[in-house]
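So the structure is just underneath, and the comments pick up after that.
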Amino acid sequence: MKHDKNDDRLVSPEQSLEVYRAMQRGLSRRDALKMLGAAGVLMAGAGSLPGVGRAFAADAAGQGTPKRGGRIRVAAHSSSAAETLDPAKGATAIDYVRAFTFYNGLTQFDEQLHPQPCLAETFETTDNGGHWVFTLRQGVTFHNGKSLTPEDVVYSIMRHKEPVVGSKVLSMVEQIESVRRVDQQRVEFNLVSPNIELPALLAVSHLVIVPDGTTDFSQGIGTGPFTCQEFAPGVRSVAVRNENYWREGRPYLDAIETVGISDESARVNALLSGDVQMINNLSGRNADRIGQMEGSQIKATNSGNYTDLIMRVDQQPGSRPEFVEAMKYLFDREQIKRVALRGYGEIANDQPIAPSSPYYFDGLPQREYDPERAASLLKKAGVAGARTSLVVSPAANYSEEMGQLLQQSASQAGLNLNLNRVPADGYWSNHWMKHPLGFGNINPRPTANILLSQFFASGAPWNESGWSNAQFDQLLVASRSEPDPSKRQQMYADMQTLIHDHSGIGIPVFLSDLEGFDSRIGGMDRTVPLGSFMGYMFAEHVWWNA
Amino acid sequence: MRNAMPKLVLGRLSSSLVTLFLVSLVIFTITSLLPGDTAQQILGQFATPEQVAALRAELGLDQPPLVRYWQWLSGFATGDLGMSASNATSVAQLMNDRLPNSLLLAAITTAISVPIALTMGLVAAMRRGGKVDRALNVVTLSMVAVPEFLVATLAVLIFAVHLGWLPALSYVSTVDSLGDFVRIYAMPVLTLCCVLIAQMARMTRAALIDQLDSAYIEMARLKGVPPVRRVLRHALPNAVGPIANAVALSLSYLLGGVIIVETIFNYPGIASLMVDAVSNRDLALVQACAMLFCGAYLILVMVADLCAILSNPRLRNR
């Protein structure tokens, strides 16, 4: 497996497509005679009449060609004094956005979620994922002028393994045994067990590269497209263009101000009044409202975020397989999508891999709403007419609405569900996975393997339902070192089928990430299905048409 | 007995210290009783037990509560507010960033609302039962009745979204000119004034009417003292006590109680800092904010009492 330096390939198809679209728009608007005239002048010699040439070029450029300059303000949904520029501690969208604004990873995701070179120019493995060698890009400097060296990479990755750092991705980096400098340009990763997808793992916002030895992150010193001019946690950050950015021509914007506005209607009003130009985490109701207003647009991304029903298979009643299956048949998925999500979602099939993932298995038959079948399964499980409680909380998005709808369909099948509402505060440490029946919410993971390893492998700390399946575990480990893509595809298909059929997790729908933005922001048609804000990486991809 | 004043101030201050101590104890206990601790809040949904244990040890959360309280108290007594656990910055620094914003908002609101409220109260009291009084009554009652989040949201919808005159958010750090300043503060101050003016105006009116009904005002009237002089010279000094207390109570709300306004306008003040601190279980920060709010309240009430005493010769010489 070998990746070459393909920076140009990374940007150029989208750019050329944009130019092409703009040309089409520009030309169609033009009066034919005038166009012919202008073309004639251009043919006669653009150099002699630069004014005309420029005017034509500017008009043809229109909306679609990147433009340099401009300042935008972005509002994320959470604001707290606990915000941080330490990439390891990043907890919410605003932290991830800042990580990709000020820092770069060794790799970065493209629109298909394939890892592409970033600070590493090439990467390769010689033994199907056990050892990896990353060759660093030359001439990259940090914002403080220091050059990028292999030591920076070693430090940036290995610090996650220190428990006191409080890294959010400790469980992901545990598979990295060591990182070693090979020479001035290369680093070697030694893994505990082979992983063919290591480059994808290194593209997450937590594993971006910081200068060797950094302990104070308040300055945001990285190699990223913007430098940090101001950072006040819970107030705002101001990012200004990094004039020495290694990627030619990027970023387009002069400055990005990032703020957190936790109140949703305040966030929407700020967008509609023009105080901010991009917001995330909208409810369907507000998305409709923004979509109707002139000058603002809505973007819905299915990045595989889901709220799931957790049925502990090590406790009653989840320990009866018929009960678990019955509950999955009780989801009226169409209704949940329509009522709870106002249509902003995608029907899911009780397995966690979203259709946007390269490993999605579309051959799995969709489980439909079937209360009669559920009733007979409940009878078989011996729990018909029983009363049991279901824990819901605002912490798990939409779980209250889903719980209510489930309660209604369950009562038709002869099962009484008591909704037990608990507050969002402290939900994850005190309630999540601790009740026989409850809800969880899982954010998108960078790769299918990480998702399955963290939430479905037997004995994984966040195996929500306590499910264990030897065949699944075997497939999961084997898929990490399988070099043949089609065989790997088949393994993932089998794993999805196993989860769909047997695990104690019910996933009715995938939740779309809804964001609103000012129509003058260009480049928003790029989508990285990993989260809002273009997979948090919008900073170097958008421009301002004003 | 003019030297009674310093004695009173000293007495008040020492009882304030006891109050602050008791408040800190209560806050500590309540915060400790909340589910989850700082380490769990920092690490979030996907924490591993080893990380939680390591972070607890790092933050000193593995020590018994009494030891932690003692550490905080001894630090506080020497002026050290401690470190914020949730983002490794000193509490003093965080407060330093936010407090000026809160004080500025409070000062502007006070400067506008107090004169308006007192005038409204005075006029209403003098014209008791008349058209002006009834009109003011309706206005103040409806201001009290409408919750501030509604006022704020409506103001944003009208002035920011539809008319586009004012920014929907308040950014304290982007003030370049007086015009900016006015535009930024217009809506938050308007919202706060709506609440405060109504309360203070009604209290002023009630306190004055109480005095205007008394025998000495009747006497003044019979002597032929003109109405304005009667109210300002005779009734008002006697009403200063209750009015000052009403004003103090209203103003104490301006530090900690403005959370709704801070949220809707995204104003970086001290109230939202405390709310964050509570949800992050950031004990040192919670305590510091609580001490600040409590201290400000005690001082305001003391100043109000002093105003009452100074304005009233009978109390002054007692």
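The values are calculated or read from the model by the stated rules, or taken from the named source; none is laboratory data. Here the structure is a predicted model, which means the values were calculated and not measured. Ideal geometry is used to build each Cβ from the backbone, glycine not excepted, and the neighbour counts take in all protein chains shown.
Filter segment A:515-540 down to the residues that are part of a loop (DSSP other than H, G, I, E, B), crowded, with 21+ Cβ neighbours inside 10 Å and out of contact with any helix residue (DSSP H, G or I) (no Cβ under 6 Å at 6 or more places or on another chain) and list them by number.
Scanning segment A:515-540 gives A:GLY523, A:LEU530.
Could you check how many residues of segment A:458-475 are modelled with pLDDT of 90 or more and either closer than 19 Å to A:LYS168 by Cβ or not assigned by TED's automatic domain parsing to the domain that holds A:GLN489 (or both)?
2
Keeping to segment B:261-274, report how many residues are part of a helix (DSSP H, G or I) and at the interface with chain A (Cβ under 9 Å from one of its Cβ atoms).
4
Looking for whichever is part of a helix (DSSP H, G or I) and more than 22 Å from A:GLU322 (Cβ to Cβ) here; the options are A:SER486, A:SER512. Which one fits?
A:SER486
Just wondering, is there one or more residues in segment A:405-418 that are part of a loop (DSSP other than H, G, I, E, B) and in contact with a strand residue (DSSP E or B) (Cβ under 9 Å, 6 or more places away or on another chain)?
Yes, some residue in segment A:405-418 is part of a loop (DSSP other than H, G, I, E, B) and in contact with a strand residue (DSSP E or B) (Cβ under 9 Å, 6 or more places away or on another chain).
Among the residues of segment A:362-384, write down those that are surrounded by fewer than 19 Cβ atoms within 10 Å (Cβ to Cβ), of a type outside the set (Asp, Glu) and touching a Phe, Trp or Tyr at 6+ places or on another chain (Cβ under 7 Å).
A:TYR369, A:ARG373 - these are the residues of segment A:362-384 that are surrounded by fewer than 19 Cβ atoms within 10 Å (Cβ to Cβ), of a type outside the set (Asp, Glu) and touching a Phe, Trp or Tyr at 6+ places or on another chain (Cβ under 7 Å).
Testing A:ARG387 on (1) over 14 Å from A:PHE439 (Cβ atoms); (2) buried (at least 19 other Cβ atoms within 10 Å of the Cβ), one condition comes back false. Which one is that?
(2)
Which numbered condition in (1) within 25 Å of B:PRO268 (Cα to Cα); (2) free of Cβ contacts under 8 Å to residues at least 12 places away in the same chain; (3) not polar (S, T, N, Q) is the only one that B:PRO188 fails?
It is condition (2) that B:PRO188 fails.
Return a yes/no flag: does segment A:287-299 have any residue that is assigned to a helix (DSSP H, G or I), in the same structural domain as A:LEU451 (by TED's automatic domain parsing) and either touching a Ser or Thr at 6+ places or on another chain (Cβ under 9 Å) or closer than 26 Å to A:TRP462 by Cβ (or both).
No, segment A:287-299 has no match at all.
Checking A:ASP494 against (1) part of a loop (DSSP other than H, G, I, E, B); (2) under 26 Å from A:ASP332 (Cα atoms); (3) of a type in the set (Asp, Glu), which single condition isn't satisfied?
If we test A:ASP494 against (1) part of a loop (DSSP other than H, G, I, E, B); (2) under 26 Å from A:ASP332 (Cα atoms); (3) of a type in the set (Asp, Glu), just (1) comes out false.
Looking at segment A:423-473 only, could you name the residues that are assigned to a helix (DSSP H, G or I) and within 9 Å of chain B (Cβ to nearest Cβ)?
A:TYR427, A:TRP428, A:SER429, A:ASN430, A:GLN454
Which of the helices (runs of 4 or more DSSP H) contained wholly in segment B:1-109 include at least 3 residues that are more than 14 Å from chain A (Cβ to nearest Cβ)?
Passing ranges, in order: B:4-33, B:65-77.
Taking only pairs six or more apart or across chains, which ones have beta-carbon atoms under 8 Å, a first residue in segment A:216-233 that is over 19 Å from A:MET537 (Cα atoms) and surrounded by fewer than 24 Cβ atoms within 10 Å (Cβ to Cβ), and a second residue that is of a type in the set (D, E, K, R) and at pLDDT 90 or above?
Listed by first residue and then by second, the contacts come to A:PHE217/A:ASP86.
For segment A:527-546, what are the residues that are aliphatic (A, V, I, L, M) and touching a residue at least 12 places away in the same chain (Cβ under 8 Å)?
Filtering segment A:527-546 for residues aliphatic (A, V, I, L, M) gives A:528, A:530, A:534, A:537, A:539, A:542, A:546.
Selection gives A:VAL528, A:LEU530, A:MET537, A:ALA539, A:VAL542, A:ALA546.
Collect the residues in segment B:128-161 that are closer than 18 Å to A:GLU264 by Cα and either touching a residue at least 24 places away in the same chain (Cβ under 8 Å) or more than 9 Å from every other protein chain (Cβ to nearest Cβ) (or both), keeping them in residue-number order.
B:GLU148, B:PHE149, B:LEU150, B:VAL151, B:ALA152, B:THR153, B:LEU154, B:ALA155, B:VAL156, B:ILE158, B:ALA160
If I ask for residues that are more than 11 Å from chain B (Cβ to nearest Cβ), within 22 Å of A:GLY70 (Cα to Cα) and of a type in the set (A, V, I, L, M, F, W, C), which ones from segment A:261-295 would you list?
Within segment A:261-295, A:MET278, A:ILE279 meet the criteria.
Tell me, yes or no, whether segment B:263-274 has at least one residue that is over 11 Å from the mean Cα position of the chain (by Cα) and among the aromatic types (Phe, Trp, Tyr).
Within segment B:263-274, one or more residues are over 11 Å from the mean Cα position of the chain (by Cα) and among the aromatic types (Phe, Trp, Tyr).
So, A:GLY343, is that one outside the structural domain of A:LEU451 (by TED's automatic domain parsing) and either surrounded by fewer than 21 Cβ atoms within 10 Å (Cβ to Cβ) or closer than 30 Å to A:ALA375 by Cβ (or both) or not?
On the way: outside the structural domain of A:LEU451 (by TED's automatic domain parsing): no; either surrounded by fewer than 21 Cβ atoms within 10 Å (Cβ to Cβ) or closer than 30 Å to A:ALA375 by Cβ (or both): yes.
Answer is no for this residue.
Identify, please: which residue in segment A:150-194 is of a type in the set (Ser, Thr, Tyr) and within 14 Å of A:ASP212 (Cα to Cα) and is, among those, surrounded by the fewest Cβ atoms within 10 Å (Cβ to Cβ)?
Result: A:TYR155.
Go through (1) within 16 Å of A:PRO317 (Cα to Cα); (2) of a type outside the set (Phe, Trp, Tyr); (3) touching a residue at least 12 places away in the same chain (Cβ under 8 Å) one by one and return the number of the condition A:LEU451 breaks.
Failed condition: (1).
Out of the residues in segment A:319-340 that are in a helix (DSSP H, G or I) and of a type in the set (Gly, Ala, Ser), state the one that is surrounded by the fewest Cβ atoms within 10 Å (Cβ to Cβ).
Of everything passing the filter in segment A:319-340, A:ALA340 is surrounded by the fewest Cβ atoms within 10 Å (Cβ to Cβ).
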